[in-house]
Every structure is written in C-alpha cells, then in structure tokens.
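Engineer: Questions regarding the structure given below will be posed in turn.
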Amino acid sequence: MNEVAQVEEFEARIRQGEKIEPKDWMPERYRKQLVRMMSQHAHSEVVGMLPEGNWITRAPSLRRKMALLAKVQDEAGHGLYIYSATETLGVDRDDLVQALLEGKAKYSSIFNYPTLTWADIGVIGWFVDGAAIVNQTMLAKASYGPYARAMIRICKEENFHKKQGYEICVTMARGTPEQREMLQDAINRWWWPTLMMFGPPDKDSTNSAELLRWKVKQKSNDELRRHFVNITVPQVQALGMTLPDPDLKYDEEAGAWRFGAIDWDEFWRVVRGRGPCNRERLRARRAAHEAGAWVRAAAEAYAAKQRAKQETNGVRAA
Amino acid sequence: MFDGRASGRPTSDTDMTTATLDPELRPALFDYLLRLGDDALVLGHRLSEWCGHGPYLEEDIALTNLALDCVGQANGLLGLAAEVEGAGRDADDLAFRRDALDFRNALIVELPKGDFGFTVARQLLFSAYAHLLYEALRESAFEPLAGIAAKAFKEARYHLRHSSEWLIRLGDGTDESRQRAQTALDDLWMYTGELFEKDDTLRTLVDAGLAPDPRALEAPWRERVEAVVSQATLTLPEDDFMLTGGRSGRHTEHLGHLLAEMQFLPRAYPDAVW
Ligand SMILES: [Fe+2]
Ligand SMILES: [Fe+2]
C-alpha cells in the first residue's frame, strides 16, 4: 500500500470513530502531534505538583493535609500514567523528561503562577482541576486509544479533586472576614489564568484544525472555554463571591455567559517563560533531578550486580 | 510475646474502652498516645517534604504514601489521646495548638529530611521499631488502641520493606551511595536509644497491660536492623552514646521550625475553621 492509500484508510477509520492503537499504522504527523500533546500533559501533571506541594506542610488541619497529600500523589500518578501512554508512541520517558528539564518542552502555564494563601489550594482544585476535567472529558474520546483510556481513568480522580477544592472554598466562604478576603483574592488571581488554560483563541490556534480532523480533539479551545465559564459562574455566585470581569453578563437569549477580553499578551508572555514562577518551577524540577542522580546511579549499579550474580548462579547451576 | 489481654491487671470480661478506663491510668495513657501520635505526625511531616522533589516520580508517590500513612495514624492516635484526656480538645487542637515543650515525639523523627540516604536510613530504623511496637500493641488491653495498632502494623510492615530495599540498594550500589548511607546511619545512631527507654509512663502502662515493655523490643529490633544493614554491606555504629529528651519535651532546635510552619494557619487565625 502506498502512503496516500494508507492515509486514506487511516482517516476513514477515524471518521468511523475507530480507535487507533500503538501497533496500527499512523501518519508521522499524527504521531508527532500526539507525542507533543501527551508529553506536555504529563509534564503539566508533574510540574503541577509544585504549587500545591507548597502548602502540604502548612495545611490547616490533619484532614486537609491528608486530602492534599493524596491529591498531589494522584497528580504524580497521572504524570506516570500519561508518560507510559506516550511511550506507546515509540518515545522514551527519560528523553521527554530531559526535554522538560532543558526548557525545550512546554507544560501548562497555569503552574507558573504562585500559591500565596491556603485559599489558592481550594481555588486550584475548583478552577484548575475543573478546567482540566472539561478538557480531559473531551480527550477521553480521543482517537488514540492509550490516550483516551488514560483520560477516562484520570478524569475520575480529577472530579474528586474538584469536589475537594470547592469544599475548601465553601468552608472559607462561610468563615471569618479574613477567610472570605483570602478566597476572593485567590479567585481574582486564578480566574484569568484558568481561562487561558484552554489555549489561544481558535483564530490563532495553529494546531487545532488538524487535531479536530484527526479527532484527537472534538471541540475547539473557545468552545471548551465557554463551557467552563458557563458551569463555573453559578458556582462562584453560590459562594457569594465575584469574578474579576466587569464585562461578565448573562446572555438570556443564548442561555450562556459572555465574558470580557482575555489578555493574550500575558498568555504568550508566560508561555515564553516570563511568568511569575517559570524559572522557579524549572529550577525545582532540575534540583530534584540532580539531587536524585546518585540515587538512580545506585539503583542501577545494584541492579547490575544482582544480574551478574544471577548469571553466575545460572552458569553454576547449568 | 507481650499479650496485654492475658497479662497484667485483674480485668473484667471485656477490654477497656475510653469509658471504662481506670481514671488513674488516664494521665499515663494520654502521655503515651501523644508520644505515638507525635512520632507519626512529625515523621509524616518530614516525609511529606519530599513530595515533588524525590529522585524518581515513582519514589515521590511512595514517600507520599508513607507520609499519608503517618498523618493518618497521627489523626487516629491524637484523636484518641484527646478522648482519653477528656478536656474537650480534638486531634487538630493537639497537632496545631501545642508548642514544642508539649510535643512528645522521639528526637529521631524531627531531624531534617537530609538527603535521600538519610531519609531511607531513618525510615528503616524507625519502621523496624514501629513494626514491632504495633505488632505488640494489637494486643493492648485498651481496645481503641489495639484497633489503631492493627492498621498501623500493616502500614509499618510496608514502610519497613520499602526502606529496607532502598537501604540495601544504596549500601550495595555505588561508592557514593554507600558512603552516604553509612554516614546517615552513623549520624542517626545516637537517636535510636530513646525509642526503647522505659520511664514512669511506660511502667504504669506496661503493668496495666496497655503497652508492651519497650526494652523487650530492643533486641529483636537490633536483630532486624542488623540483618538489613549487613545485607546492605554497611556496618552498625559501635558508639553507644545515646541522646534523649523528646519524650519529656526536650527537643532539638529543628522541632520549633517544623511547628512554626505546620501550625501557621491555626495559630494566625485562631477563630477560623478550615
Ligand atoms: Fe491530574
Ligand atoms: Fe487533579
């Protein structure tokens, strides 16, 4: 079969809603796009451990501490799981991690913002995991089988994270004036960066058309963003809190919320490395990697010794 | 083996609960539960500091698991301590609103996390003790404690296995890892004696069949630790100088900083519920 026919057959399978599996033929461009998306996703889970990890030792009750530990642990698990799914595309996790450490790979810009108060832990669970759910619910139907399956499993946990985050916010909204102030401040800081999580507007999204055609995605960035706003605004109102958007208003006719202009200059600035924590996040990942080098070397040396012993024993036995 | 239910006090048909507890035992039992709870809480804190900074992503998950087990144990033990005290406090009050002088953890758990070798060596030394302790406490005549111990015993078994495997890898790995593991053991050694001390609190509880005699745990502990250490091609320090103080509130300089961080929110906003 020549390549043109192969592409035709591949796209026909996608149109029929079939899943593409690791051993199936796929266009190189499809493979590359998936490696890019999936590894970015895995990196995001891992870098995302840092801003929330920042509050583990300061969680205000034992119950909250356990919940936060479990959440950050889940995120590490998501990272692992998505790295393995990415490896089905013929890449190596170590190389992907190396690219992250060298600053060549991207991760979600949301994690380049700092967590300043405990309210941030609530708002991240609610907004950031909430936005992740909107995105991942769509990706759970992605045409690439391993990615879709990873998303199904991960989404369950993200739902739990969101519930937990919102519960922190409910508690604070019912709390003291200081707690309400902290909560409002966190909402104000996280709202716009969360909306940016869905990516650039459709007109500027270079990858979108192709990803939609190959059913890696089923909805555009703007559609997902609008959906998120529609579910989140009533939740903000239920807490008696406000959103930092004077143009936010309900469109009766459309039955949807209309929101103000997003500062895309900020978005691109942070994507290109000039956010409040870009350097710190990478520095923390690199520091952990470098501090762990001797441990990984020890584990390898030990494993090699064990293999050598087994071989000698095997020879003796034979 | 220690069996609190069979030995000691002339007991009724049923085991003791908080309601049927002899009032004279309360102060000692409260003190003892604080020791157990504080050990778990402070060690859990140190383990949680690794979250996001481990040598492997897999190890981040494992260390967070250990931390979660410890904080969960602390929650149960301090909750029980508060019940036994009967002064209207709860587990969070005890965790977040006591100062260093009132903490009863052993010094070994409050030492800064150090490098991965230090964390592994400490975990091995402590888990080998916790495993024996909770194994015995499953038979405590104080029923709620026996319940907590049953779960903590299983968790300690995993902590012990995990830290043993790592110490062996580090000891029998590269020159550098061997050096680091040995240094960690040497540095930690003088903090181990405290785990097996028997003071008035323990004498009271041992007599009542509520707790095992810590001295009886020392020999089996040493045997287990020695087995792992020798498999790791390392050596146990010979120095018998031992530091003490944690059980009576005389801590290292490190605990104050740990508490300042851990207790910040409840202290800064005393009226808030989180
Ligand atoms: Fe996640
Ligand atoms: Fe999550």
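The values are calculated or read from the model by the stated rules, or taken from the named source; none is laboratory data. All of these numbers come straight from a predicted model, not from anything done at the bench. With ideal geometry, Cβ positions are generated from the backbone for all residues, glycine too; neighbour counts draw on all protein chains shown. The accessibility values were calculated without ligands, DNA or RNA, using every heavy atom of the protein model including side chains. Shrake-Rupley method; radii C 1.70, N 1.55, O 1.52, S 1.80 Å.
Engineer: I need the full set of residues from region B:37-80 which are β-branched (Val, Ile, Thr) and at the interface with chain A (Cβ under 9 Å from one of its Cβ atoms), in order please.
Structural biologist: Within region B:37-80, B:61, B:64, B:71 meet the criteria.
Engineer: Any residue at all in region A:217-230 that is assigned to a helix (DSSP H, G or I), within 27 Å of residue A:141 (Cα to Cα) and among the β-branched types (Val, Ile, Thr)?
Structural biologist: Checking region A:217-230: at least one residue is assigned to a helix (DSSP H, G or I), within 27 Å of residue A:141 (Cα to Cα) and among the β-branched types (Val, Ile, Thr).
Engineer: Just the residues that are more than 13 Å from ligand 2 (Cβ to nearest atom) and more than 9 Å from chain B (Cβ to nearest Cβ), please, taken from region A:48-66.
Structural biologist: A:55
Engineer: Also: Kindly provide the set of residues from region B:173-204 that are acidic (Asp, Glu) and away from every other protein chain (no Cβ under 14 Å), ordered by number.
Structural biologist: Answer for region B:173-204, where residues must be acidic (Asp, Glu) and away from every other protein chain (no Cβ under 14 Å): B:186, B:187, B:194, B:197, B:199, B:200.
Engineer: Here's something else I'd like to know. Does region A:67-93 hold any residues that are touching a Ser or Thr at 6+ places or on another chain (Cβ under 6 Å) and either facing another protein chain (nearest Cβ under 10 Å) or within 11 Å of ligand 1 (Cβ to nearest atom) (or both), and which are they?
Structural biologist: A:69, A:73, listed by residue number.
Engineer: Every residue in region A:28-46 that is more than 9 Å from chain B (Cβ to nearest Cβ) and within 14 Å of ligand 2 (Cβ to nearest atom), please.
Structural biologist: Those that are more than 9 Å from chain B (Cβ to nearest Cβ) and within 14 Å of ligand 2 (Cβ to nearest atom): A:41, A:42, A:44, A:45.
Engineer: If a residue must be surrounded by fewer than 21 Cβ atoms within 10 Å (Cβ to Cβ) and either among the basic types (Lys, Arg) or in a helix (DSSP H, G or I) (or both), how many such residues does region B:157-181 contain?
Structural biologist: Looking only at that region, the number is 9.
Engineer: Right, next: If you take the residues of region A:166-189 that are surrounded by fewer than 23 Cβ atoms within 10 Å (Cβ to Cβ) and within 16 Å of ligand 2 (Cβ to nearest atom), which of them is farthest from residue A:13 (Cα to Cα)?
Structural biologist: A:167
Engineer: Could you list, in sequence order, the residues of region B:235-274 that are of a type in the set (A, V, I, L, M), in a loop (DSSP other than H, G, I, E, B) and more than 10 Å from chain A (Cβ to nearest Cβ)?
Structural biologist: Hits for region B:235-274 are B:236, B:242, B:243.
Engineer: Go through A:131, A:150 for me and flag whichever is within 14 Å of the chain's Cα centre (by Cα), away from chain B (no Cβ under 14 Å), farther than 15 Å from residue A:37 by Cα and not in a loop (DSSP other than H, G, I, E, B).
Structural biologist: Going through A:131, A:150 in turn, just one is within 14 Å of the chain's Cα centre (by Cα), away from chain B (no Cβ under 14 Å), farther than 15 Å from residue A:37 by Cα and not in a loop (DSSP other than H, G, I, E, B): A:131.
Engineer: Let me ask another. Does at least one position in region B:109-127 carry a residue that is within 14 Å of chain A (Cβ to nearest Cβ), β-branched (Val, Ile, Thr) and over 29 Å from residue B:215 (Cβ atoms)?
Structural biologist: No: zero hits.
Engineer: Can you tell me which of (1) within 15 Å of ligand 1 (Cβ to nearest atom); (2) open to solvent by 20 Å² or more (accessible area, probe 1.4 Å); (3) facing chain B (nearest Cβ under 9 Å) is the one residue A:137 doesn't meet?
Structural biologist: Condition not satisfied by residue A:137: (3).
Engineer: If you go through region A:234-241 one residue at a time, do you hit one that is open to solvent by less than 60 Å² (accessible area, probe 1.4 Å), farther than 23 Å from residue A:35 by Cα, more than 14 Å from every other protein chain (Cβ to nearest Cβ) and within 16 Å of ligand 1 (Cβ to nearest atom)?
Structural biologist: Within region A:234-241, not a single residue is open to solvent by less than 60 Å² (accessible area, probe 1.4 Å), farther than 23 Å from residue A:35 by Cα, more than 14 Å from every other protein chain (Cβ to nearest Cβ) and within 16 Å of ligand 1 (Cβ to nearest atom).
Engineer: If you don't mind, there's one more thing I want to ask. Just to be sure before I move on: is residue A:286 within 14 Å of another protein chain (Cβ to nearest Cβ) and surrounded by 11 or more Cβ atoms within 10 Å (Cβ to Cβ) in the structure I sent?
Structural biologist: yes
Engineer: From the set of residues in region B:203-234 that are part of a helix (DSSP H, G or I) and hydroxyl-bearing (Ser, Thr, Tyr), which is farthest from residue B:27 (Cα to Cα)?
Structural biologist: The qualifying residue farthest from residue B:27 (Cα to Cα) is B:230.
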